[in-house]
Amino acid sequence: MPLHDAYARVTPYELLLPEEGFGGERFPRIRQEAEEWGGSVDTPDSFLLLSEAALALREIRGEGDAPDLIQQHGALLFQAFHFWEAGEPLFLLDTHVVRFLVETGPGEGSWSPSLPEKAGYVQLPHHLLWAPGGEGEAPESLDGIFWSSPDGENVTLLIAMGMRKDRPGLAVVPLPTLPMGAAVPWASMTVRPEGEDFRSSLPGADLEGLYSIESGGEALKLAMRTFWYLDVFPGRVVEGAAAEPQGRADLPEDLPHGTAAGVPDVDEAPQGPRPSALPYRRIIMGEEV
C-alpha cells in the first residue's frame, strides 16, 4: 500500500472552514434560522436562501475569489453543513475495492438502495482516478465524493478534485440531486456511448492501473456502487489508523481563508500528503470477494 493510501488525507471540508470551530459556531445558526422561519436546508438552492448561510458563505470565500466561483463555494458549503450535522462521517476507499467496483455492481432488482449516513465523504485512493482537463489543461486527480440526503429520499453529490501543490485550493463539481430510486439503474448502466466506463487514456494508465471519470454519469455510477458495497458488506468497514498528527495545527498562521485560497502544499510533501485531522473508517475488501 502506498504511504499516502495508508491514512485519510486532509479533506476539502477541512480546507473550506476558515478556522477551527467555525462549523460548530455557524452551522447551528443556519439550522435555527431554518426551523424558526420555515426555511429549508434540504437542497443547495433553498439552503443558500437562508441569511445565515449567506453570511457563512461570505466568510469562507477568499477576498480574491472570482464571482463565478460562488456556485462552487455554495455547493461545498451545503455539503459541509450536512457533513458536520451527520457527525463528519469520513470513509477512505481502498484501491482493491475501487478495482472491484469498476468491474462489479448490483444487478437490477438485487438491491434496495440505502445510505450509510445522511451525509458523508468518500475519499478515493490517491491519484487513482482522474478527470480529463479542458483544452490545454492538465487532467485533475479526483480526491473524493461528498453526499447528502437530508430527507432520506433524494441524494445530492459533489465531486472534489484538483488538490495539488502547483495550484492553491481545489475544484468541485456539483451533480444534480437524484431520487434514491435511481441508485440501482445508475450503478448498473453503461455510461459511455463508446469504450469501457472508467477506462483511462492517460499515458501509462494501463501500466499504473489508473481510471478516468469523464462525465458526471461515471461519478454517479461509482458513488452508487460504493453505497451498494457499504450496504451489502457492512463488515468491510473498519476503523482507520491515525496518521502522524500534522493537521490544522501545522497550517501557516497567515493562511488565507476560503476554498480558492486553500493550502498550497496540501497534496505533495516529503513525507506524503497532509493527513486529515478527522477520524475515519476504511472500506476494505473481504476474503470471499
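A few points about this structure:
- L92 long-range amide H proximity, modeled H, under 5 Å: Q123, R281, R282, I283
- Karplus-based coupling profile of segment 39-46, in residue order and whole Hz: x, 9, 10, 7, 10, x, 5, 5, with θ = phi - 60° in 6.51 cos²θ - 1.76 cosθ + 1.60 and x standing for Gly or Pro.
- Taking a sphere under 13 Å around the Cβ of L49 and counting the other residues whose Cβ falls inside, with K and R at +1 and D and E at -1, yields a net charge of -4.
- Relative contact order (%) - segment 55-143, alpha-carbon pairs under 8 angstrom, separation at least six: 26
- Packing-based exposure ordering (other Cβ within 10 Å, fewest first) of M189, M224, M180: M189, M180, M224
- Taking a sphere under 13 Å around the Cβ of G39 and counting the other residues whose Cβ falls inside, with K and R at +1 and D and E at -1, yields a net charge of -4.
- In terms of surrounding Cβ atoms within a 10 Å radius of their Cβ, D143, D231 rank from fewest to most as D231, D143.
- For segment 129-230, GluC sites (Glu not before Pro) meeting the loop criterion (DSSP other than H, G, I, E, B) and having at most 13 other Cβ atoms within 10 Å: E135, E137, E153, E194, E196.
- Taking a ≥ b ≥ c as the square roots of the eigenvalues of the alpha-carbon gyration tensor, segment 14-159 is classed oblate because a/c is 1.5 or more while a/b is no larger than b/c.
- Interchain or long-range residues, amide H under 5 Å from W130's placed H: L142, Y211, S212, I213
All of the numbers you see were taken from the coordinates with simple rules; none came from a lab. Fair warning: this is a prediction, and the values are worked out from it, not measured in the lab. Methodologically, a virtual Cβ is constructed for each residue, glycine included, from the backbone with ideal geometry; neighbour enumeration extends over all protein chains shown.
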